[in-house]
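See below for the structure under consideration.
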Amino acid sequence: MSEQIKSPTHYRLLSTLRAIGPYLRESQSKDGYYLFDCLSVCVNDKKSPEQREFWGWWLELVANEAGFEARYRSGLYDITGEWQGKALPKKSVADVTRTQEAFHQKLVDTLQNEFEIAVVMHKESVEFV
């Protein structure tokens with residue numbers, strides 16, 4: 001007996017995407033648009049938590065007729081809680097790349113297995129710094 005693929009409603013997608021890890025910014029996501037981010041490397045861990053900045057990546061996952069399009073960007077998550085598209089320092093590149101690649105593989109596998117949905121990279125996506 002084969003498993004039946006579920007219909008990818010917004011709420012089923014939210015539940016599935018939330019299970020991938022702590023990356024989903026649910027309050028900033030809506031039907032057909034999902035925002036993720038990852039604070040990979042702390043800039044200065046000697047600062048108090050509310051004053052810390054991080055190097056990392058963020059992803060806008062947008063539904064299209066073929067499935068989803070992934071647009072990754074990398075940069076600095078500043079103390080105001082905003083992403084700044086800045087070049088990563090060399091010492092942070094490996095950690096940011098590792099977290100981005102691991103997440104992307106989980107995302108692709110999960111959407112394919114749960115809903116038979118493909119994920120393609122946006123033409124302007126920063127592909128694994």
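The values are calculated or read from the model by the stated rules, or taken from the named source; none is laboratory data. In this text the structure is predicted, and so the values were computed from the model without any measurement. Don't worry about glycine lacking a Cβ; one is built from the backbone with ideal geometry, like all the others, and counts go over all protein chains shown. In case anyone asks, the SASA skips ligands and DNA or RNA and just uses the protein heavy atoms, side chains included. Shrake-Rupley method; radii C 1.70, N 1.55, O 1.52, S 1.80 Å.
A few comments on the model shown:
- Cα long-axis angle, helix 90-115 against the chain (0 to 90 degrees, to the nearest 10): 10
- The chain: angle of helix 10-20 to the longest principal axis, Cα-based, in degrees nearest 10: 50
- Dividing the Cα radius of gyration of the range 58-117 by its Kirkwood radius returns 1.05 for Rg/Rh.
- Carbon plus sulfur fraction of accessible area for the range 1-98, probe 1.4 Å, in percent: 49
- Accessible area expressed per residue, the range 5-129, with surrounding protein chains retained (probe 1.4 Å, Å²): 58
- Qualifying trypsin sites (Lys or Arg not before Pro) in the range 13-87, DSSP loop, other Cβ atoms within 10 Å at most 10: 46
- Kirkwood analysis of the range 7-129, using all unique Cα-Cα pairs, places the hydrodynamic radius at 15.0 Å.
- Rounded to the nearest 5, the antiparallel percentage of DSSP beta bridges internal to the chain is 85%.
- Ratio of Rg to Rh over the range 49-90 (Cα coordinates, Kirkwood Rh, two decimals): 1.13
- For the chain, the mean residue ellipticity at 222 nm estimated from helices alone is -10000 deg cm²/dmol, where every DSSP H run of n ≥ 4 contributes -39500 (n - 2.57) and the total is divided by all residues, rounded to the nearest 500.
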